[in-house]
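Values quoted throughout were computed directly from the atomic coordinates according to the rules given, and no laboratory measurement underlies them. Computed from a prediction, not measured in an experiment: that's the story for all the values here. Here the Cβ is made from the backbone with ideal geometry for all residues, glycine too, and neighbour counts use every protein chain on show.
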Amino acid sequence: MTGSSPIFESIAVSEVFDSYPDTVSDHLLYLRQLIIETADEIGINDLEETLKWGDPSYLTKNGSTVRVAWRKSFPAEYGIFFNCKTSLVDTFKEVYPNTFRFEGSRALLFNHDDYKTNDEFPSIELKHCISLSLTYKSIKHLPMLGI
């Protein structure tokens, strides 16, 4: 994130972000920032930040949930998760086969050693993936989600 502290509407979500280790905290906050920026850029004004499965999650009426997560069992990894019952991650694999590391049909995974700074992130590609998820209900019928 940039120099200022993020503003959270939910104390519970803020507490989850506060619980992350320093090695991944800035990266997870950056993923959050990308989700919020993407929603704003594509005109989504009903983005809700909440917890699902104990993880910060982002929902919108016409989209599919986007979730960010870190697990103690894999301390160097964190990720952005999508509904595995959608075609989202399969589409991301087709469009960005060498850009992301995938976990099945549900996640894009990152390692804190891969991106020392947020400037190294494939932010443009990731924002594209986020936008597809946030608009999924209106594009799910299109081949390759309209890409």
Note, ³J(HN,Hα) from phi for the stretch 81-93, Karplus 6.51, -1.76, 1.60, rounded to Hz, x at Gly and Pro: 10, 10, 4, 6, 8, 9, 9, 4, 5, 4, 5, 4, 4
Candidate aspartates and glutamates - alpha carbon under 15 Å from K127, same-chain residues fewer than 8 apart omitted: E37, D40, E41, D119
Low-density loop positions, trypsin sites (Lys or Arg not before Pro), the stretch 12-110 - DSSP coil, at most 12 other Cβ in 10 Å: K61, R71, K72, K85
Those chymotrypsin sites (Phe, Trp or Tyr not before Pro) in the stretch 6-105 that DSSP places in a loop and that have at most 14 other beta carbons within 10 Å: W53
³J(HN,Hα) computed for each position of the stretch 52-62 - Karplus, 6.51 cos²θ - 1.76 cosθ + 1.60, integer Hz, glycine/proline x: 10, 6, x, 10, x, 9, 10, 10, 8, 4, 9
Calculated from backbone phi, Karplus (6.51, -1.76, 1.60) coupling profile of the stretch 36-42 in Hz, x at Gly/Pro: 5, 4, 4, 4, 5, 5, 9
Rounded, prolate or oblate (a/c below 1.5 giving rounded, otherwise prolate when a/b exceeds b/c) for the stretch 11-135 by Cα gyration tensor: rounded
